[in-house]
Amino acid sequence: MSDLRLALRSLLRNSGFSAVVVLTLALGIGATTAVFAVVRSVVMNPLPYYESDRLVTLEHGISRINVPSGIGMTVGLYRQYTRRARSLESLALYSTAEATVVDARGPEHLQAVRTTESLPSVLGVAPELGRWFTTEEADAGPRVVVLSHRLWIQRYSGDPAILGETVALDGETTEVIGVMPASFAFPDARAQLWYPDRIATITGFGLPFGRIGVARLRPGATITTARAELNGLIDDLPNVYPGDAGVLGNIGQGGLRSAVAPLKEVMLGDVGRTLWILFIAVAMVLAVACANVANLFLARAESRQRDVAVRRALGARLSRLVRLFVTESVLVSLAGGLLGLVVAYGAVNTVVSLGPATIPRLHEVRIDLVTAAMAMAITVIFALIFGSLPLAGGAPGRHSLRESTQPHTASVSRLRARHALMAVQVALALVLLMASGLLVRSFLGLRAVDPGFDSSSALTFRIALPTRAYPTRRSATAGHHAILDRLAALPGVTAVSASTGLPLAERCFGNSVIVRGRATNGASSRPVAQLCAVAGGYVEAMGLRLLRGRGITRDDVERDEPNVVVSQAFVSRVFPNEDPLGAHIRSNAPPTSSPRSDGAGGFTWDGAPPWLTIVGIVADTPFRALAEVSPVPVVYMPMSIAGGPDIPTIAMLGPGVSTMTYIVRSSTPPLRLAPSVRNAIDDVDRTLATTDVETLEQILDRGSAQTAFTMLLLTIATCVTIALGLVGIYGVISYVVAQRTREIGLRMALGAEPGSIARLIVGGAGTVVFVGIALGIALSLSGGRAIESQLYGVSPRDPSTFGAATLTVLVMALLACWLPARRAARLSPLEALRTE
């Protein structure tokens with residue numbers, strides 16, 4: 001307690017030193033703890049399911065069209081694996097969907113999941129309230145639904161009486177039978193409800209590949225053994241489904257292969273690499289903070305030699321002095337660690353609220369006991385290190401009292417230590433500045449990408465027409481036209497249309513296409529395109545650049561004209577040296593597939609979809625991401641000739657048109673239109689709900705959101721590092737000048753010019769700065785590949801970025817050296833000699 005009181009008094013007398021140390025440690029520990037919490041929750045922690053390391057995603061690819069994965073699986077594959085796969089303990093099938101819930105609280109459009117009854121047993125999760133649906137309910141029983149915990153709380157106020165209540169789900173009476181736990185977010189946090197996937201009526205191999213499988217490996221099974229077994233079961237499908245067109249087209253010709261992968265790996269994608277990069281960046285911030293604090297403690301140790309010598313002369317034992325130093329270090333380190341936890345808590349809340357939706361499991365991030373323990377462990381380690389720094393040059397008080405009263409400079413070892421720490425600060429600051437500079441250039445490059453459409457003054461939203469009220473393609477088309485007509489009549493609206501998938505939304509229907517009159521050499525030579533169904537005036541409403549021909553008109557839709565507009569990427573891929581206008585193409589469908597007639601005069605075909613005539617060419621638009629290496633070929637067709645409730649996507653012609661995304665272009669700020677839009681929809685059908693209400697500019701911003709998020713955090717880390725580094729350099733040089741005051745006075749008394757004094761100080765420090773810059777360049781060159789995956793349109797060794805970053809650090813570091821050097825040059829020789 002005596003040491004504690006003494007340490008407190010000492011730190012309070014040197015409040016400037018104490019405040020700088022505490023704040024510096026708080027910044028370093030807080031930033032590191034916050035990012036560690038994100039990395040731990042998203043990357044390091046297992047998924048919140050029973051023995052999640054055995055969970056895998058049953059994906060598939062088609063080798064002959066160079067699609068290694070991502071096409072999902074069919075009902076036929078699910079049955080084959082369920083019956084015969086010995087490496088799989090259990091498996092379930094699911095697909096994401098959108099559903100409109102209507103009850104006494106009004107309509108709400110939600111993200112839903114269609115799944116088999118086996119999903120809870122595969123994941124090892126049971127409902128928190130109520131139960132899951134049974135096999136009988138999944139096959140043909142009454143419609144039932146299970147709610148997410150979030151939906152239960154937000155829409156139904158956590159009322160247990162919701163069990164047994166009926167709601168209208170897409171127009172059908174559905175009973176609520178369960179509520180999942182708050183931690184359950186499968187396949188992602190957007191899922192709000194789960195209901196049975198009625199696969200009992202699907203016979204044969206089944207198409208399309210829209211569903212995804214999730215399975216649990218048997219103990220001892222591996223990804224490699226599972227993939228080999230599933231490929232063998234795929235090869236046997238022609239015997240299981242003899243003569244099935246889907247089997248012949250995808251196994252015999254397409255080269256269907258298993259792409260089974262760990263569920264966690266699929267969920268994370270490339271996000272894990274991004275988060276590790278950010279963690280390394282904040283670790284550099286912590287390293288610079290430590291270097292700063294270490295320099296401060298070294299300087300404090302030098303300045304206290306007289307005090308220590310007096311204590312030793314009065315009989316203080318060495319152990320007592322060591323205890324005092326460690327106590328002081330523990331106090332400031334604990335204060336810095338506790339304040340760092342506060343900083344980390346605020347930073348984590350900010351990241352969770354502002355982080356992009358592309359980061360999975362973000363809702364799981366929090367400062368838990370393990371994260372707090374890590375922060376305090378760092379604090380204790382720092383306390384011991386900083387407390388031992390006064391011992392670095394030998395036992396405290398080794399100078400006699402007489403020696404301690406004489407002027408002396410720092411020992412060579414301590415001076416070298418401070419210079420080494422200063423060089424490390426410069427190097428790390430340069431590495432982070434180069435990395436953030438590369439990301440800034442990447443972000444600017446992304447924002448400069450021509451999206452192929454006009455993103456200004458356009459509101460977008462999605463509407464899903466319930467199957468019970470709009471049972472046919474014809475009725476769905478008529479429903480959309482009624483809404484479009486009401487929207488077009490709103491004041492300020494200049495154009496309106498709808499599509500099954502907007503750019504950067506990835507909701508269109510992909511398939512290979514056939515060109516009329518052109519021979520193909522198997523499935524591998526058939527081009528693959530995204531088939532999007534659109535309403536009339538889509539080109540004008542989206543602001544697409546029409547390169548040749550014309551767009552899809554209202555007449556095309558109403559008369560079921562098989563006219564299509566294609567993107568420039570489609571022309572480059574399919575008609576590289578030909579005029580595509582007037583050419584005929586069709587979706588590659590199995591010869592035996594034929595949709596049911598809608599009974600309202602719609603076209604039908606025998607054996608295969610009809611030929612489509614190309615009437616226009618538009619500029620490419622990004623499909624999955626702004627940074628696409630090559631544009632995705634797209635075919636835009638009238639929504640009246642695509643799929644529908646009575647003509648499912650199994651027809652392979654195009655996407656279903658029950659759910660469409662609307663585009664309303666106006667002369668007024670688009671978000672102000674939202675109330676008028678809602679009223680217009682109510683005039684047509686009050687049970688319809690809207691979702692994803694946003695502007696085209698917001699969609700475009702989301703395309704670069706992850707790069708912007710990474711860039712922002714890395715830039716903040718860089719600014720903190722540079723600021724800490726400059727303060728550290730300034731502090732070290734200022735301390736050196738203070739120690740050499742008498743020497744400077746002697747030099748000036750003997751005729752030295754002020755300019756030579758300034759050059760002496762800057763020159764000595766400049767050498768250390770140049771060493772740090774050289775080290776920083778070497779680290780940046782060797783570690784450039786670590787950030788390469790985050791870059792767009794710029795090399796990780798870009799000379800201009802390296803040059804600008806190096807010059808910036810050099811100028812700022814030399815400025816930090818020059819300021820105390822200038823003060824030294826202005827010293828009066830007489831006053832300098834009197835200081836001792």
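The values are calculated or read from the model by the stated rules, or taken from the named source; none is laboratory data. Model, not experiment: these values are computed from the prediction. Please note: Cβ atoms are built from the backbone with ideal geometry, for glycine as well, and neighbour counts cover all protein chains shown. Side chains included, ligands, DNA and RNA excluded: accessible areas come from the protein's heavy atoms. Shrake-Rupley method; radii C 1.70, N 1.55, O 1.52, S 1.80 Å.
With the other protein chains left in place, how much accessible area per residue, in square angstrom, belongs to segment 650-769 at a 1.4 angstrom probe?
Accessible area per residue, segment 650-769: 41 Å².
Run lengths n ≥ 4 of DSSP H only: what is the helix-derived mean residue ellipticity at 222 nm for the chain, with -39500 (n - 2.57) per run over all residues, to the nearest 500? Can you show the working numbers first?
Values: 27 runs with 389 residues, N = 836.
That comes out to -15000 deg cm²/dmol.
Working from the alpha-carbon coordinates of segment 109-238, get Rg over Rh, Rh being the Kirkwood radius. Don't skip to the end; give the middle numbers.
Numbers: Rg = 16.9 Å, Rh = 16.5 Å.
Using only Cα positions, Rg/Rh for segment 109-238 is 1.02.
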* R5: net charge of surrounding residues, Cβ under 14 Å, Lys/Arg +1, Asp/Glu -1, itself excluded? -> +2
* Measure off, as a whole percent, the carbon and sulfur share of the 1.4 Å-probe accessible area of segment 230-377, all protein chains present. => 65 percent
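By how many nm would the segment from R190 to S455 lengthen if fully extended, with 0.36 nm per residue of separation less the alpha-carbon distance? Can you show the working numbers first?
Details: separation 265, 0.36 × 265 = 95.40 nm, distance 2.55 nm.
Gain on extension, R190 to S455, equals 92.9 nm.
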* What does the accessible area per residue of segment 409-500 come to in Å², with a 1.4 Å probe and no ligands, DNA or RNA counted? -> 34 Å²
* To do: Output the relative contact order of the chain, whole-number percent, from Cα pairs under 8 angstrom with separation of 6+ residues.
  => 16 percent
* Measure off, as a whole percent, the carbon and sulfur share of the 1.4 Å-probe accessible area of segment 714-832, all protein chains present. => 68 percent
* Asked: Given 25 °C and 0.890 mPa s, how large is the Stokes-Einstein diffusion coefficient of the chain in µm²/s, with Rh as the Kirkwood radius over Cα pairs?
  -> 78 µm²/s
* **Environment charge at F279 (Cβ cut-off 13 Å; Lys +1, Arg +1, Asp -1, Glu -1)** => +2
* Structure fact -> Probe 1.4 Å, heavy atoms of protein chains only: per residue, the accessible area of segment 111-254 in Å² is 41 Å²
* P(r) of segment 176-241 in 5 Å steps, Cα pairs, percent per bin? -> 3, 10, 14, 18, 17, 18, 13, 6, 1
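Could you work out what % of the accessible surface of segment 32-123 is carbon and sulfur, using a 1.4 angstrom probe and leaving DNA, RNA and ligands out of the count? Working shown, then result.
On the way: 1580 of 3210 Å².
Exposed carbon and sulfur together represent 49 percent of the surface.
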* To do: With r as the distance between the Cβ atoms of A377 and N349 and R0 = 22 Å, compute the FRET efficiency 1/(1 + (r/R0)^6) and round to 0.05.
  => 0.45
* To do: Could you estimate the translational diffusion coefficient of segment 1-89 from the Stokes-Einstein equation, with Rh from the Kirkwood formula over C-alpha pairs, at 10 °C and 1.306 mPa s, in whole µm²/s?
  => 82 µm²/s
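Give the calculated FRET efficiency between T96 and Q698 to the nearest 0.05, with a Förster radius of 25 Å applied to their Cβ-Cβ distance.
0.75
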* Asked: For segment 441-549, what log10 I(q)/I(0) values come out of the Debye formula at q = 0.14, 0.18 1/Å, with one point per alpha carbon and no solvent?
  -> -0.81, -1.10
* **Between helix 705-739 and the chain: long-axis angle, C-alpha atoms, 0 to 90°, nearest 10** => 0 degrees
* Asked: What residues of segment 328-346 lie in the reach of a label at I716, counting those whose backbone N is under 13 Å from a point 7 Å from the Cα along Cα→Cβ?
  -> 343-346
* Convex hull volume per residue in cubic angstrom - Cα atoms of segment 682-822 -> 169 Å³
* Structure fact -> Under the 7 Å Cα-to-Cβ spin-label approximation, E89 and I202 lie apart by a distance in nanometres of 2.6 nm
* So how strong a dipole does the chain carry about its Cα centre when Lys and Arg Cβ are +1 and Asp and Glu Cβ are -1, to the nearest 20 debye? -> 4180 debye
* Contour excess over end-to-end distance, with Cα ends at D368 and T222 and 0.36 nm allotted per residue -> 49.3 nm
* Expressed in whole Å with the largest first, what are the equivalent ellipsoid semi-axes of segment 667-753 derived from the C-alpha gyration tensor as the square root of 5 times each eigenvalue? -> 67, 13, 10
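Contour minus end-to-end for M1 and D683, with contour as 0.36 nm per residue of separation and end-to-end as the Cα-Cα distance?
Values: separation 682, 0.36 × 682 = 245.52 nm, distance 7.78 nm.
The M1-D683 span can extend by a further 237.7 nm.
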* Might you list the cysteines of the chain that have no disulfide-compatible partner by the rule of another cysteine's Cβ under 4.7 Å? => C290, C719, C817
* Asked: Given a cut-off of 18 Å, what percent of all Cα-Cα pairs of segment 91-170 lie beyond it?
  -> 45 percent
* Asked: If you bin every alpha carbon distance in segment 744-836 into 10 Å steps from zero, what whole percent lands in each bin?
  -> 15, 32, 21, 15, 10, 6, 0
* Can you give the net charge of the other residues whose Cβ lies under 14 Å from the Cβ of V351, counting K and R as +1 and D and E as -1? -> +2
* Asked: Per Stokes-Einstein, at 4 °C and 1.567 mPa s, what whole-number D in µm² s⁻¹ belongs to segment 323-381, with the Kirkwood radius over Cα pairs as the hydrodynamic radius?
  -> 100 µm²/s
* Structure fact -> When the charge dipole of the chain is computed with +1 on Lys and Arg Cβ and -1 on Asp and Glu Cβ about the Cα centre, the Cα farthest towards its positive end, among A420, S333, L487, belongs to A420
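Determine, for each peptide in 170-183, 671-684, the mean count of other beta carbons within 10 angstrom over its residues, then list the peptides with the highest first. Working shown, then result.
On the way: 170-183: 18.4, 671-684: 15.8.
Those peptides, ordered most packed to least, come out 170-183, 671-684.
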* Across every pair of different alpha-carbon atoms, what Kirkwood hydrodynamic radius in Å does segment 168-320 reach? -> 23.4 Å
* Give me the percent of Cα-Cα pairs in segment 59-102 that sit more than 16 Å apart, rounded to a whole number. => 55 percent
